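Structure record follows, encoded as structure tokens.
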Number of protein chains: 2
Amino acid sequence: MVVKSELKLIKSLQQKKCRNEHGLFVVEGKKTVEEVVNSNMKQYKLFAVDPDGLEVEGTQVIKITSRELSQMSGLKNPNGYLGVFYIPKQTGNITSDWVLALDGVQDPGNLGTIIRLCDWFGISDIICSTDTVDCYNPKVLQATMGSITRVSIQYMPLDAFLGSTQLPIYGTFMDGDNVNTTKLPEKGIMVMGNEGKGVSNAIAELCTDRLTIPQFGGETAESLNVASATAILLHEIRK
Amino acid sequence: MVVKSELKLIKSLQQKKCRNEHGLFVVEGKKTVEEVVNSNMKQYKLFAVDPDGLEVEGTQVIKITSRELSQMSGLKNPNGYLGVFYIPKQTGNITSDWVLALDGVQDPGNLGTIIRLCDWFGISDIICSTDTVDCYNPKVLQATMGSITRVSIQYMPLDAFLGSTQLPIYGTFMDGDNVNTTKLPEKGIMVMGNEGKGVSNAIAELCTDRLTIPQFGGETAESLNVASATAILLHEIRK
């Protein structure tokens with residue numbers, strides 16, 4: 001049995017404002033809940049309609065009814081398991097050789113895919129401008145497939161971050177150098193821009209190098225999706 | 001004024017069954033409607049709350065009320081323009097040097113992104129297995145950003161298609177050859193598998209070459225998203 005105020009609190013975590021106020025976020029689904037429990041993220045509470053179905057050790061799982069779950073869940077069809085975790089504190093530390101910087105990425109699916117790409121390519125730090133979509137947005141978490149536990153994501157004014165680094169700053173533009181013929185260094189920062197507007201002018205001025213992924217043939221397509229472009233650039237960094 | 005039966009017909013085109021029955025599909029939004037009108041796709045009818053806002057020449061645009069639009073639209077918040085077009089007939093022809101073959105891709109956003117990638121990289125033919133998501137699904141069309149007009153997409157039993165080709169067939173697997181050290185030929189077929197299950201066994205047996213995009217570092221991420229993997233492979237094909 002879960003008290004009404006708690007049901008209400010957890011439901012409210014679908015909204016960014018409430019996540020930030022409480023410092024908590026929600027994860028749903030057996031596999032992702034297990035993955036976050038088994039990471040170094042700090043857990044607030046775990047709920048399950050069938051607690052025995054959850055493969056977690058030494059952790060209390062609160063048994064709930066389907067009705068209670070649907071009162072907490074952000075899904076149309078909740079799937080039995082819901083975990084609430086503390087949003088990790090931003091340390092300001094960077095441990096990765098290459099850092100991905102996001103300048104206003106808006107689509108939750110794109111951010112989720114980008115986090116998953118960083119996990120695959122061993123980029124452990126993402127710095128997001130303050131207007132980038134929140135990485136604890138449920139739609140982002142769904143698209144990360146658990147990669148959120150292995151990549152550090154920090155939000156800060158991007159101009160301040162880029163202004164304070166000694167690393168080369170690569171921005172992606174329509175008119176930059178061909179990435180296929182550019183030798184990338186061992187360390188650096190790769191800046192990806194907003195879906196519609198690309199890299200903002202203020203951030204473009206801070207870039208030390210401009211890159212382009214060349215289009216093939218007739219220049220008909222308008223642009224690459226930002227997650228697709230990130231896939232190609234991280235692949236080039238790690239080759 | 002649009003008769004009730006027409007409103008109902010157009011609304012029904014949100015469903016694959018009805019699209020196939022009538023041979024029609026729906027596009028929404030000013031920019032995409034304009035792009036499809038100005039392509040070689042055959043138009044059934046165009047509707048607009050403000051016909052003068054649509055930049056199309058020599059084409060009849062039917063003025064409708066917002067209420068009529070919402071009765072036809074698949075969107076929560078319809079945005080003023082809706083076009084109905086004929087689904088192109090499958091010719092069976094292939095004109096592209098490289099062909100992308102999709103084996104059961106299910107997510108509409110992934111298929112839309114893949115179509116957009118083919119447009120960018122000049123791959124003009126996609127062959128989809130019959131269990132791949134329908135490319136005239138509104139969510140696919142939304143993700144293609146108009147690229148659907150520049151890429152030919154055909155649905156057929158993939159085993160029959162692959163069994164009848166003389167081209168090398170590259171499949172993407174977890175245990176294939178490193179794509180970074182494999183020289184790709186000038187022509188071929190690239191097979192991408194389902195989001196969860198990858199390339200099916202029956203199709204895997206028809207592949208002449210097996211490729212892998214190498215992961216960096218600790219092998220923690222489960223897999224690349226199929227659209228991300230497609231981005232990297234098409235980039236490699238065109239380098």
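Derivation of every value follows stated rules applied to the coordinates shown; laboratory data play no part. Worth saying up front: this structure is predicted, and the values here are computed from it rather than measured. Please note: Cβ atoms are built from the backbone with ideal geometry, for glycine as well, and neighbour counts cover all protein chains shown.
A few comments on the model shown:
- For the rotational copies A and B, the chain A residue with its Cβ nearest the relating axis, together with that separation in Å, is A:ALA231, 2.
- With both labels modelled 7 Å from their Cα along Cα-to-Cβ, the A:THR65 to A:ASN38 distance reads 3.3 nm.
- Inter-copy spacing of B:LYS197 label points, which lie 7 Å from Cα along Cα→Cβ, given in nm from shortest upward: 4.4
- Taking the DSSP beta bridges with both ends in region A:1-153, the antiparallel portion is around 55 percent.
- One equal scatterer on each Cα of chain A, no solvent, Debye formula: the resulting log10 I(q)/I(0) at q = 0.12, 0.13 Å⁻¹ is -0.70, -0.80.
- Across region B:119-239, the mean sequence separation of Cα contacts (distance under 8 Å, 6 or more residues apart), normalised by length, yields a relative contact order of 26 percent.
- For region A:105-208, DSSP calls about 10 percent of its internal beta bridges antiparallel.
- Relative protection proxy for B:191-203, A:2-14, A:56-68, B:122-134, from highest mean packing down: B:122-134, B:191-203, A:2-14, A:56-68 (other beta-carbon atoms within 10 angstrom).
- Here the gap between A:LYS76 and A:CYS18, fully extended at 0.36 nm per residue and compared with their Cα-Cα distance, gives a gain of 18.9 nm.
- Taking max minus min of the alpha-carbon positions on each principal axis, the protein assembly as shown gives extents of 64, 54, 50 Å, largest first.
- Once C-alpha pairs closer than 8 Å and six or more residues apart are averaged by separation and normalised to the residue number of chain B, the relative contact order reads 18 percent.
- Cα pair distances in region A:51-170, grouped into 10 Å bins until the bin that holds the longest one, percent each: 12, 37, 29, 16, 6, 0
- Shielding by partners, peptide A:107-116 (average Cβ within 10 angstrom, other chains): 3
- Using a 7 Å Cα-to-Cβ projection, B:GLY217 label spacings across copies, nm, ascending: 3.7
- Beta bridges by DSSP in the protein assembly as shown, antiparallel share as percent, to the nearest 5: 30
- Contour minus Cα-Cα distance for B:ASP177 and B:LYS239 (0.36 nm per residue): 20.5 nm
- For the set A:LYS42/B:LYS197; A:LYS4/A:LYS45; A:LYS8/A:LYS31; A:LYS63/A:LYS89; A:LYS11/A:LYS45; A:LYS16/A:LYS42, the pairs lying more than 22 angstrom apart at their alpha carbons are A:LYS42/B:LYS197; A:LYS8/A:LYS31; A:LYS63/A:LYS89.
- Partner shielding of B:149-155 amounts to 1, given as the average count of beta-carbon atoms from other chains within 10 Å of each residue beta-carbon.
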